[in-house]
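The values are calculated or read from the model by the stated rules, or taken from the named source; none is laboratory data. Everything numeric in this text was worked out from a predicted model, so none of it was measured. Using ideal geometry, Cβ is built from the backbone for each residue, glycine included, and neighbour counts are taken over all protein chains shown. These area figures cover heavy atoms from the full protein model, side chains too; ligands, DNA and RNA do not enter into them. Shrake-Rupley method; radii C 1.70, N 1.55, O 1.52, S 1.80 Å.
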Amino acid sequence: MQKGEQLYEGKAKKVFLTENPDVLIVSYKDDATAFNGQKKGTIVGKGAINNRMTNHLFQIIEEEGVPTHYVQELNDRETAVRRVEIVPLEVIVRNIAAGSFSKRLGVPEGQELSEPTIEFSYKNDKLGDPLINSYFARALKLATPSEIETIKKYAFMVNDILKIEYLKAGLQLVDFKIEFGRFHGKIILADEISPDTCRLWDVESGEKMDKDRFRRDLGNVEEAYIEVARRMGITIGEE
Ligand code: TMP
């Protein structure tokens, strides 16, 4: 696989063209941002951990019947993925109240929800990714009605799969954010699933093991990412 010209650089990843117009290479950075880029930092080793963890989880998710953009892991930080047109929605699934849900609705962090919830944000940095609903998404033609139904179905399937995988590692899946893309007209899972995009609490102690350690200045950020990777059997440093 030939790494070509850089197509795009985001907050956490760079994207490169390849000789195959249907395939891109994503390269995960150690850069961390929060609050729409207002807080900036570095989490040493994060790029490799997020790359390997995403690939590990995407392969399981694919086996369970949700199509993904995963093609092939190239090295610690880089992966070949299907080139998609990203649906401009941040899809958030929650099992336990936390973060913006707790703040907006006055529900204490840690309160279990009686069933998983789903919400959409319009992926637009200038507007700060505002919360919308599926009617907004349809009216603004961000996605078709049938795409929205597929996204909802896949998002809850991903939740069921991730809950089990993280529980095996002694972690409770509080909530997560995923993104989808269109590949030759089909909706597939894209972007990443990592401690950057999930809230993961230790089953025993309740300790936060995810990017909230960076967002909230809780310390031991690198250690938490390494511990999550270790528990999931993800090894780093094997090119
Ligand atoms: P929230 O409670 O801040 O809305 O976050 C919900 C989940 O989504 C949490 O697991 C963190 C993740 N998330 C992202 O991955 N990217 C983002 O830009 C935001 C705001 C949240």
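The figures follow:
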| read-out | value |
| --- | --- |
| Residues of segment 222-239 satisfying the condition of being under 18 Å from Ala169 (Cα atoms) and either in a helix (DSSP H, G or I) or small (Gly, Ala, Ser) (or both) | Glu222, Glu223, Ala224, Tyr225, Ile226, Glu227, Val228, Ala229, Arg230, Arg231, Gly233 |
| Of all residues in segment 60-103 being part of a loop (DSSP other than H, G, I, E, B) and in contact with a Pro (Cβ under 9 Å, 6 or more places away or on another chain), the one that is farthest from the ligand (Cβ to nearest atom) | Arg83 |
| Some residue of segment 186-202 being surrounded by fewer than 17 Cβ atoms within 10 Å (Cβ to Cβ), within 16 Å of the ligand (Cβ to nearest atom) and under 21 Å from Glu109 (Cα atoms) | no |
| Near pairs, Cβ below 7 angstrom, 6+ apart or cross-chain, from segment 211-239 (of a type outside the set (D, E, K, R)) to any residue that is open to solvent by 70 Å² or more (accessible area, probe 1.4 Å) | Ala229/Ile236 |
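Rundown of residues vs (1) over 28 Å from Pro130 (Cβ atoms); (2) among the acidic types (Asp, Glu), yes/no style:
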{"residue": "Tyr154", "(1), (2)": "no, no"}
{"residue": "Asp191", "(1), (2)": "no, yes"}
{"residue": "Cys198", "(1), (2)": "no, no"}
{"residue": "Val221", "(1), (2)": "no, no"}
{"residue": "Val228", "(1), (2)": "yes, no"}
{"residue": "Gly233", "(1), (2)": "yes, no"}
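Okay, residues lined up against (1) out of contact with any Leu (no Cβ under 7 Å at 6 or more places or on another chain); (2) β-branched (Val, Ile, Thr):
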residue	(1), (2)
Asn51	yes, no
Thr54	yes, yes
Ile60	yes, yes
Glu63	yes, no
Tyr70	yes, no
Asn75	yes, no
Ala80	no, no
Arg83	no, no
Pro88	no, no
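Conditions tested, residue by residue: (1) open to solvent by 10 Å² or more (accessible area, probe 1.4 Å); (2) within 17 Å of Asn220 (Cα to Cα); (3) within 14 Å of the ligand (Cβ to nearest atom); (4) polar (S, T, N, Q).
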{"site": "Thr18", "(1), (2), (3), (4)": "yes, no, no, yes"}
{"site": "Ala34", "(1), (2), (3), (4)": "no, yes, yes, no"}
{"site": "Gly41", "(1), (2), (3), (4)": "yes, yes, no, no"}
{"site": "Gly47", "(1), (2), (3), (4)": "no, yes, no, no"}
